[in-house]
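K.L.:
Would you mind keeping the following structure in view while I ask a few things?
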Amino acid sequence: MIASGTLDEPLCADCTAPEVWHTCPTCTDPDYPHPGQCARCLINRRLNELLGSSSDALHPGLEALRHNIATTEHPITARRWLNKPSVSPVLSDLAAGRRALTHEALDELPDSPTLAHLRQVLVGVGALPERDEYMVRLERFLTGLLASHQDPEQRKVLHRYTIWHLVRRLRRRNNGRPLTPQQFISARQRTHAAVAFLNWLTAHDLTLETCRQADLDRWLTDDSATYRQTAGHFIRWARTNKLTTVHVPAVRWNGPTQPLDDEHRWNTARRLLHDDTLKPEDRLAGLLLLLYAQGPSAIHRLTTEDIEAGAQEVRLHLGDAPVQLPEPVAALARTVAANRKGHATIGALAPSPWLFPGGQPGRPISTTQLTQRLNNLGIRPNQARSTALFQLATEIPAAILARTLGIHTDVAVAWQRLSAGDWATYAAEVSRR
């Protein structure tokens, strides 16, 4: 097949000399031997379309966003993100002043994962202040639920339970720290359970005051009833506040429900210690779970300040007292701390302070993603953590276990009793050493 040449001297594709493209016509980048503008120039042109030219007066936060996107390591990914229909109109409105650059103005838009990521990008570049997103979501959920409830008496009870009990207790427990996803889910489930129980009472012409134990037992055995186990928290609260006389006893923890497999735990730990084909961050997270009984919710909150890397030893702060990491765990901790990098390409202005960065700028890896990565290694977090705690409780006194692993003393004592660990003679044993 003729590909080039002239009528007198036609050339096929094999004989045709490859065409040499010119450099980028805008920035004359010699490392871009392709037709048209390079990816860096294309993203700058897109930024001019959305935010205006760099000479125009722009909000300092948006100017920081422009600089961050223009100098990103992956311009093609940034350009795709800018072209999303849920991102580009918002940025245009913010730049033109049609929408204020505040959290409250963004709250007026339909909630979506893309909007949540855009908000976190703006927080990452300093355009918006940091805020507790899970607490905001919880307050918004409770406001809508209370407004939609028809019965004024039940709405008053729900307001007392959700706002003055659940939310107030969360604020006191966290003491300024942001809510975790587990706390948000638990508060929402307990609220749904309270609504389900009150709706069941209304359907059977009952109230909290007129409900008797026989009625409660009928509800607990009703297959059509929902949130029967979770509603026990609301019923116990109502009884404490003298709103009802019925009672649901709390379920006492009697040990792990899943089998404990110590042999599988050690086999997996040996693999993580010596298999260099696995990612260092996955190996470190798995070893923290298998050796130090740290669950995904505790691992994902670790920061670089929790690691003290000296010339001779590496210490990790899991609780009040640091733990000295042995080799090769110490080498893994050094590697992860030195080479940590999340998946966020926009908004990550500085190295992440988190030991396990996540996909959003300034955020750690989510517990769901971390659990999935542990599952890919053959680790079941709940079962593995229970096995580790059981074994550690037989070897270490409860007070030391709580201080080094960052767990509550009551939890350490419960595991010590479960493992039949007897430390009554611990002081005498130390004196003989």
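K.L.:
If you take the beta carbon distance between residue 417 and residue 192 as r and set R0 to 30 Å, what does 1/(1 + (r/R0)^6) give as a FRET efficiency, to the nearest 0.05?
P.N.:
0.30
K.L.:
With angles folded into 0 to 90 degrees, how steeply does helix 367-376 sit against the dominant principal axis of the chain? Use alpha carbons for both and round to 10.
P.N.:
It works out to around 80 degrees.
K.L.:
Sequence-distant or interchain residues sharing an amide H contact under 5 Å with residue 11, placed H: which?
P.N.:
Sorted by chain and number, the residues that satisfy this are 3, 4, 5, 6.
K.L.:
Mind telling me which of 75, 326, 296 comes out most flexible in a GNM of the chain, alpha-carbon contacts under 10 Å?
P.N.:
Of 75, 326, 296, the most mobile in the Gaussian network model is 326.
K.L.:
Separate question: Could you work out how far helix 39-51 tilts from the main Cα principal axis of the chain, as a 0 to 90 degree angle to the nearest 10?
P.N.:
On a 0 to 90 degree scale, this one is about 70.
K.L.:
Sticking with this structure for a sec: Just in region 278-346: which GluC sites (Glu not before Pro) are loop by DSSP and have at most 15 other Cβ atoms within 10 Å?
P.N.:
313
K.L.:
Still on this structure, please answer the following. Run through all the Cα pairs of the chain and give the fraction in each 10 Å bin from 0, expressed as whole percent.
P.N.:
4, 15, 19, 20, 19, 12, 6, 3, 1, 1, 0
K.L.:
Which value, in Å², gives the accessible area per residue of the chain when a 1.4 Å probe is used on the protein heavy atoms?
P.N.:
Heavy-atom SASA per residue in the chain reads 57 Å².
K.L.:
Mind checking the log10 I(q)/I(0) for region 138-269 at q = 0.15, 0.17 Å⁻¹? Debye, one equal scatterer per Cα, no solvent, two decimals.
P.N.:
Cα-only, vacuum Debye calculation for region 138-269: -0.79, -0.95.
K.L.:
Rounded to whole Hz and in sequence order, give me ³J(HN,Hα) for region 85-94 from the Karplus expression 6.51 cos²θ - 1.76 cosθ + 1.60, θ = phi - 60°, writing x for Gly and Pro.
P.N.:
x, 8, 10, 4, x, 5, 5, 5, 5, 5
K.L.:
Hey, any idea what the orientation-averaged projected area of the convex hull of region 40-173's Cα atoms comes to, in nm²?
P.N.:
10.1 nm²
K.L.:
With θ taken as phi - 60° and the coefficients 6.51, -1.76 and 1.60, list the Karplus ³J(HN,Hα) couplings across region 261-274 in order, rounded to whole Hz; mark glycine and proline as x.
P.N.:
Using θ = phi - 60°, the values come out as 10, 6, 5, 5, 4, 6, 5, 5, 5, 4, 5, 5, 6, 10 Hz.
K.L.:
Jot down the per residue volume, in cubic angstrom and as a whole number, of the convex hull over the alpha-carbon atoms of region 73-149.
P.N.:
Dividing the Cα hull volume of region 73-149 by its residue count gives 108 Å³.
K.L.:
OK, next. Stick to the Cα atoms of region 298-403, pair each with every other, and give me the Kirkwood hydrodynamic radius in Å at one decimal.
P.N.:
Computed over Cα pairs of region 298-403, the Kirkwood hydrodynamic radius comes out at 15.4 Å.
K.L.:
I've got another one for you. With everything on Cα atoms, drop me the angle between helix 113-124 and the longest principal axis of the chain, reported from 0 to 90° to the nearest 10.
P.N.:
80 degrees
K.L.:
I'd like the Karplus ³J(HN,Hα) series for region 181-198: coefficients 6.51, -1.76, 1.60, θ = phi - 60°, whole numbers in Hz, and an x wherever there's a Gly or Pro.
P.N.:
Values, residue by residue: x, 5, 5, 5, 5, 5, 5, 5, 5, 5, 5, 4, 5, 4, 5, 4, 5, 5 Hz.
K.L.:
Taking H as built 1.01 Å from N, whose amide H comes closer than 5 Å to the amide H of residue 323, not counting residues under 5 places away?
P.N.:
The answer is 316, 317, 318.
K.L.:
Would you please give the residues with an amide H less than 5 Å from that of residue 248, counting only those at least 5 places away or on a separate chain, with H modeled from the backbone geometry?
P.N.:
Those lying under 5 Å, H to H, from residue 248 are 236.
K.L.:
Further question on the same structure: Taking the Cβ of residue 45 as the centre, find all other residues whose Cβ is under 14 Å away and add up their charges (Lys, Arg: +1; Asp, Glu: -1).
P.N.:
That works out to +3.
K.L.:
Please report the projected area of region 261-349's Cα convex hull averaged over all directions, in nm².
P.N.:
So the mean shadow area of the Cα hull is 7.1 nm².
K.L.:
If you don't mind, there's one more thing I want to ask. Report in % the part of the accessible area of the chain that belongs to carbon and sulfur, leaving out ligands and nucleic acids; probe 1.4 Å.
P.N.:
The value for the chain is 52 percent carbon and sulfur by accessible area.
K.L.:
A further question follows. For region 102-177 and region 374-403, what is the separation of their C-alpha centers, rounded to whole Å?
P.N.:
Taking the Cα centre of region 374-403 as reference, the centre of region 102-177 is 34 Å away.
The values are calculated or read from the model by the stated rules, or taken from the named source; none is laboratory data. Given the structure is predicted, the values throughout are model-derived calculations rather than measurements. Don't worry about glycine lacking a Cβ; one is built from the backbone with ideal geometry, like all the others, and counts go over all protein chains shown. Just so you know, the surface numbers come from the protein's heavy atoms only, side chains and all, with ligands and any DNA or RNA stripped out. Shrake-Rupley method; radii C 1.70, N 1.55, O 1.52, S 1.80 Å.
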